Every structure is written in C-alpha cells, then in structure tokens.
Amino acid sequence: MKKILISLSLVLAFCWSAAAQEYLPKWQEGYMDIHTIATGRGDATFIVMPDGTTLMIDAGDNGKVKDKQHPDNSKRAGEWQSIYMKKILAGLPGNGKVDYAMITHFHDDHMGDVQEMLPGTHGYGLSGITLVGELVGYNKLLDRAYPKYDFPSKKKVADANKGFMEEYHKFVQYQMSQGMEMEQFKVGALNQIKMVKNPKPYAKKFEIRNLAANAQVWTGKGTKAEKQYTCDPKLFDENVNSCAIRITYGNFRYFNGGDLSGGAQKDLYKAKDRDMETPVAKVCGKVDVAKANHHGYYDTCNGFFLNTVSPDVLIIDARSQNHPVPSTMSRMVDHMVWPAKGEFYITVDQACKKLGEELWSNFKPWGHIVVRVYEGGKEYQVFVLDADKLDYPVIYTSEIKKAGNKR
Ligand SMILES: [Zn+2]
C-alpha cells in the first residue's frame with residue numbers, strides 16, 4: 001500500500017511539473033527566430049528567417065573539454081549545438097540542412113579547435129564548424145577569406161587557429177565535392193545571404209546587409225566598402241577581421257559582429273587601428289537587438305558603439321569568467337556612458353562571481369536566448385530556455401516589445 005502511495009504521488013508530482021512546464025511556442029511562417037545557443041564553449045547563433053530559411057553564425061568549441069559545459073560534458077559543443085538546431089530544422093521546410101553557415105573569424109570559440117576533436121571518416125577532424133557540418137550539413141558556407149586565405153597574410157590566417165585550419169580546408173574541399181556551395185563574405189553586399197524558401201511575401205520587409213570583414217567597412221552607399229586602417233594589417237589580431245551583419249525585418253533590426261574590437265589595447269594587441277566598432281556603428285545605426293562584440297571583453301562595447309547601435313536587448317555569448325569583464329559591464333550599465341541602456345542577456349553564468357552581485361544582477365536568467373520577431377517585424381519578445389535540460393523549458397519570458405523603438 002505504502003509503495004502504491006509513493007508511486008502515485010510521484011506520478012502526480014511529475015504531472016504537476018509537466019503541466020507547469022512551459023515551452024517555446026512553435027515557429028510559424030512569418031516569424032523570425034534568433035537563437036543564441038548556450039554551451040559555454042563558444043559562440044553559436046541560429047537564425048530562422050520569416051520564410052524558414054536558416055542561417056547559422058559560428059559554431060564554436062574552444063576544445064577545453066574539462067571546463068564546465070552545458071547541458072553537460074558527455075558530448076562536444078558541436079554535438080549539443082547540432083541537437084539543438086536539428087530539433088528546430090525538423091519543423092522547417094527544406095532538406096534538413098542549414099541553408100547558410102557563416103564563420104565570423106577563424107578563432108576556435110567560433111569554429112572549433114584541433115584539441116580534443118573527434119576523428120572523422122572523410123579525412124578531417126571534427127570540432128565546431130566541421131562537427132556541425134558533419135551532423136547537420138550546410139547548403140552554403142561563407143567565411144572571410146575563401147578561396148585564397150591570404151589576408152592579412154597566409155601565415156596569419158593559418159596561425160589564427162593552428163592545426164585546425166588544415167582540418168577546415170579539408171572539410172571545405174570534401175563538402176564541396178558533395179554539393180556544398182562556398183563563398184567569401186563580401187563587405188557591403190546586400191542579400192548575399194537571403195531567403196531561399198518562400199521569399200516573396202517578405203521581400204520588401206527583409207534584408208541582410210554585410211557591414212564589415214577584414215577591417216573593411218561598408219560605406220553606407222550602394223555596396224561599396226573601404227578599409228579602416230593605416231597601419232600594417234599584418235599587425236592585426238584575428239578579431240579585427242570579424243564579419244559583421246545587420247538583419248532588418250520590418251521595423252526590427254539585429255546586429256552580429258563576431259569579435260569586432262572597439263579600440264587599441266597596447267598590452268594585449270599590436271595594431272593601433274583596432275577600433276572597428278566606431279565605423280561599423282556609424283553605418284549600422286540603431287538596432288533592437290545586438291550580440292555584444294567579443295563577448296564583452298576589455299576592448300569592446302565602446303561608448304560610441306553603445307550609444308549609436310543602442311540595442312534595447314544586448315546579448316553576451318559567454319564562455320569564460322571574463323565574459324564580460326567587470327570594467328566593460330560597469331561601462332554598459334553606467335547611465336553617463338549609455339543613457340538609453342538596454343536589457344542584458346547572457347548565455348552562461350561563468351562571470352557571475354567575478355562581476356559580483358551588483359553587476360551580475362543586471363542580467364536576466366542565463367541560458368539559450370531566443371529572440372522571436374513576430375509577423376511583419378513590428379513586435380518581438382525574448383525567451384530564455386534552460387540550457388541544462390534537453391527539452392529546453394522556458395525559464396524567462398520578456399514582455400512583447402515594439403520594434404524600431406527610438407529610431
Ligand atoms: Zn570569441
């Protein structure tokens with residue numbers, strides 16, 4: 001009898017929690033969803049355009065398998081990112097592959113690492129972008145340097161991710177032989193990345209503008225770009241070369257600029273021309289949602305960038321206790337620096353201790369961050385999903401926000 005009672009109460013407890021559990025309502029045509037996937041190993045953003053076309057920006061894995069990872073350390077970051085994306089892709093039109101994958105720059109936390117990569121069966125190792133490519137597949141892949149990989153020099157490109165670049169080149173070659181298209185990211189281009197499923201109903205409301213890469217920035221006129229440096233580009237660190245895009249859907253705008261830098265930092269970086277944020281902010285203008293550049297590290301999110309791009313929602317894709325650093329977070333929440341201060345979201349809680357309660361309390365609960373833009377791009381809402389559970393329950397829901405606010 002006691003046993004029956006215990007199992008009955010267990011069943012009731014389970015039903016109760018299942019009833020209380022909330023999930024992200026299903027994507028439907030006309031919605032644009034921007035998922036920032038939390039693993040704690042590197043960046044991965046997955047975007048579903050209004051017609052169901054998909055764009056993945058980065059699939060990072062810094063190869064530190066012993067560091068804390070979400071949901072757990074039993075799989076590589078690329079496997080978790082693939083599981084997350086496959087669940088969404090299953091409900092979308094198309095061949096189940098990611099339509100566009102784009103690598104902002106050649107660092108491990110954006111594309112994978114040679115350390116601890118899994119053996120592949122096609123002659124290249126699997127981590128980050130090559131692992132997701134193997135498990136999910138891409139119809140088209142874009143990076144900043146295809147096909148020559150020579151800016152600022154062949155050596156600099158190879159050294160940006162030692163050992164793994166060779167695996168990546170082999171991956172590209174094999175995948176192209178299997179039908180994947182490959183392109184260099186063109187700075188200034190309009191709709192190099194575009195809807196391919198059912199674009200017609202959204203054609204006048206939707207665009208993707210390529211703002212920057214290789215330290216070149218769109219001029220704001222036509223598709224022209226110009227270089228933003230006078231120093232020897234061989235002094236550049238890879239972050240300066242990051243690809244940046246702006247997505248517009250109706251009144252809504254989103255910015256993602258990889259690890260773009262916002263200024264020189266003598267002790268860490270050689271180049272003096274490192275402020276890409278200022279020229280990029282000038283041509284980007286105000287957006288609703290932005291991913292913070294370079295995980296909110298020391299050299300990013302300068303005052304001009306914050307005030308000009310001035311997102312109502314700022315997302316930090318984090319993988320270390322320095323994401324963001326206290327000095328950058330203090331600047332972001334300082335009303336004297338950025339009076340319009342937006343809401344802050346973050347993927348993982350590694351920086352919690354270093355930031356301290358006062359700074360950390362500016363963040364909404366951490367996890368997978370989903371920005372859902374509703375039909376026509378007039379309104380949007382932010383959801384945070386539990387990054388430690390495989391059914392991704394919703395742990396935070398924002399109010400519905402008006403897009404194009406203050407613009
Ligand atoms: Zn990074």
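Read the figures in this text as sums done on the coordinates, not as results from a lab. This is a predicted model, so every value here is computed, not measured. Because the Cβ atoms are built from the backbone with ideal geometry, glycine has one as well, and the counts that use them run over all protein chains shown.
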| request: Using Cα positions and a limit of under 15 Å, work out the aspartates and glutamates in reach of K26, with same-chain residues fewer than 8 apart set aside. | output: D51, E375, D391
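If I require 24 Å or longer along the helix axis, counting alpha carbons, and a Kyte-Doolittle average no lower than 0.0, what helices from the chain are left? Use full DSSP H segments. Provide the component values of the computation, followed by the final result.
Values: long enough: 2-20 (27 Å, 1.57).
Membrane-span-like by this rule: 2-20.
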| Just going by the charge dipole of the chain, with Lys and Arg at +1 and Asp and Glu at -1 on Cβ, which of F171, I400, L235 is farthest out on the positive end? | I400
| message | Under 10 Å, Cα contacts only: if you run a Gaussian network model on the chain, which one of D232, D275, D267 comes out with the highest mean-square fluctuation? | response | D267
| remark: Listed residues G356, G120, G188; largest mean-square fluctuation, Gaussian network over the chain with Cα springs below 10 Å, found at G356
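For the chain, what does the alpha-carbon gyration tensor say about shape, rounded, prolate or oblate, given a ≥ b ≥ c as the root eigenvalues, a/c under 1.5 as rounded, and a/b over b/c as prolate?
Details: a/c = 1.39, a/b = 1.25, b/c = 1.11.
It is rounded, given that a/c, with a ≥ b ≥ c, falls under 1.5.
With a 10 Å radius around each residue's Cβ, average the other Cβ atoms per peptide and rank 126-136, 370-380, highest first.
On the way: 126-136: 26.3, 370-380: 21.0.
My ranking of the peptides, most packed first, is 126-136, 370-380.
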| message | Could you tell me how far the Cα centroid of region 171-217 sits from the Cα centroid of region 337-377, in Å? | response | 28 Å
| task | Enumerate the lysines that K204 could reach by cross-link, defined here as Cα to Cα under 16 Å, with residues fewer than 8 away along the same chain left out. | result | K194, K378
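Taking the highest mean first, how do the peptides 221-228, 329-336, 51-58 order by number of other beta carbon atoms within 10 angstrom per residue?
On the way: 221-228: 12.9, 329-336: 15.5, 51-58: 24.5.
Per-residue Cβ counts within 10 Å, averaged per peptide and sorted highest first, yield 51-58, 329-336, 221-228.
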| task | Work out the length of the dipole vector of the chain about its Cα centre, built from +1 on the beta-carbon of each Lys and Arg and -1 on the beta-carbon of each Asp and Glu, and round it to the nearest 20 debye. | result | 760 debye
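Considering only DSSP beta bridges where both residues belong to the chain, give the percentage that are antiparallel (nearest 5).
Details: 44 of 65 bridges.
Of all bridge pairs located within the chain, approximately 70 percent are antiparallel.
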| Amide hydrogen neighbours beyond the local backbone of D317, cut-off 5 Å, H modeled | A292, H295
| query | Taking K and R as +1 and D and E as -1, what net charge do the other residues with C-beta under 10 Å from the C-beta of V114 add up to? | reply | -4
| request: Would you please give the residues with an amide H less than 5 Å from that of H122, counting only those at least 5 places away or on a separate chain, with H modeled from the backbone geometry? | output: none
| Within the set K162/K353; K266/K341; K148/K224; K364/K389, which residue pairs have Cα atoms separated by over 23 Å? | K162/K353; K266/K341
